[in-house]
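Accompanying notes for the structure given below.
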Amino acid sequence: MKIILDAMGGDNAPDATIKGAVKAINKVKAEVILVGQEEVIRSKFKEFYGKEMEEISDRLKIKNATETIEMCDIPTQAIKHKKDSSMVVGFNMLKADEGDVFISAGNSGALLTGATLLVGRIKGIDRPAMGGILPAYKSQLLLMDAGSNTNCKPINLLQFAQMATIYLRNTFGIEKPAIGLLNIGTEETKGNELVKESYNLLKEKAEELDINFVGNVEGRDAFSGKIDAIITDGFTGNVFLKTAEGIGKLVKTNLKESFTKNIFTKLSYLFAKKPIKELSKSMDYKSYGGALFLGVKKPVVKAHGSSDERLFEYTIIQAEKFVENKAVPQMIEAFSKDN
């Protein structure tokens, strides 16, 4: 297996991508191909490790790309005009079967555009969506869409639910994943027109498409561990995602301050250290890797724009599992039956 990594994408690239790849290389079986300016990448290996990349692992490779798509670039124009950017080169490698999965922390709009235009949508899927994994009580929560489609139709949300079901079944082994529709109340009459129409469509098609639709779910209940995936449009989903990340940081900060106030709180921390560390670990979204673009013909993973080396490490590990579990071929097969 070959994992293609956009070495120049993200706020902390190429430092974080290189360090993440080095951390992950002995935890995966795959070859990791760093796509970007070869001279820069090689000099960074010398700077960080005092040795050539090949001396660290023979499964670390480089594919030269002279350009970079910046966060401020207009997505469609960047994909069309920056032909030798690390992102476009990576997509073309994926399309040509020179790799099995592509990871980037770069411009989200360009990543979605490139995945759709260069790799191609799965037949029968109107819009690919970003599936982000978040921690939940004794489990995880799949958020669909986490930010790629800000304006949606009910058919899009129905397809998000279908893709979520296939992904969770194949990757996490959940036979009948519980799929909820994010709403301001649990009653079917609640919500705006999109949510109400989507509710009716999901209710109507759930049995036919083998979706375990459990109805409307409020944000406060999403992390209960009773819901496996929450479905919403990309605008609401991205607000939900970043709010959840912010609350996680708030809890960690408050806990740290509470236990460092004085000598007595510091002593009490000694007894609570283990459960606090376990809590902190369970709430750390970084350990769940990146968000998958579900609905394209080949696996594409969007890492957080501010990803550090640890998040890249986990994302690379996650990407290998995604390929091994054949979620994309399963999606292609499922949607081909419906069309």
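The values are calculated or read from the model by the stated rules, or taken from the named source; none is laboratory data. Just so it is clear, the model here is predicted, and its values are computed rather than measured. All Cβ positions, glycine included, derive from the backbone under ideal geometry; neighbour counts span all protein chains shown.
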**Asked** Do we have any residue at all in segment 280-297 that's at pLDDT 85 or above, charged (D, E, K, R), surrounded by fewer than 21 Cβ atoms within 10 Å (Cβ to Cβ) and within 22 Å of LEU117 (Cβ to Cβ)?
**Response** yes
**Fill in**
Counting only strands (runs of 3 or more DSSP E) wholly inside segment 157-243, the ones holding at least 3 residues that are under 29 Å from VAL323 (Cβ atoms) are 178-182, 229-231
**Asked** Is it true that LEU5 is part of a strand (DSSP E or B), modelled with pLDDT of 95 or more, assigned by TED's automatic domain parsing to the domain that holds ASN325 and farther than 17 Å from PHE322 by Cβ?
**Response** no
**Item:** Residues of segment 326-338 satisfying the condition of being in contact with a helix residue (DSSP H, G or I) (Cβ under 6 Å, 6 or more places away or on another chain) and crowded, with 17+ Cβ neighbours inside 10 Å
**Value:** ALA327, MET331, ALA334
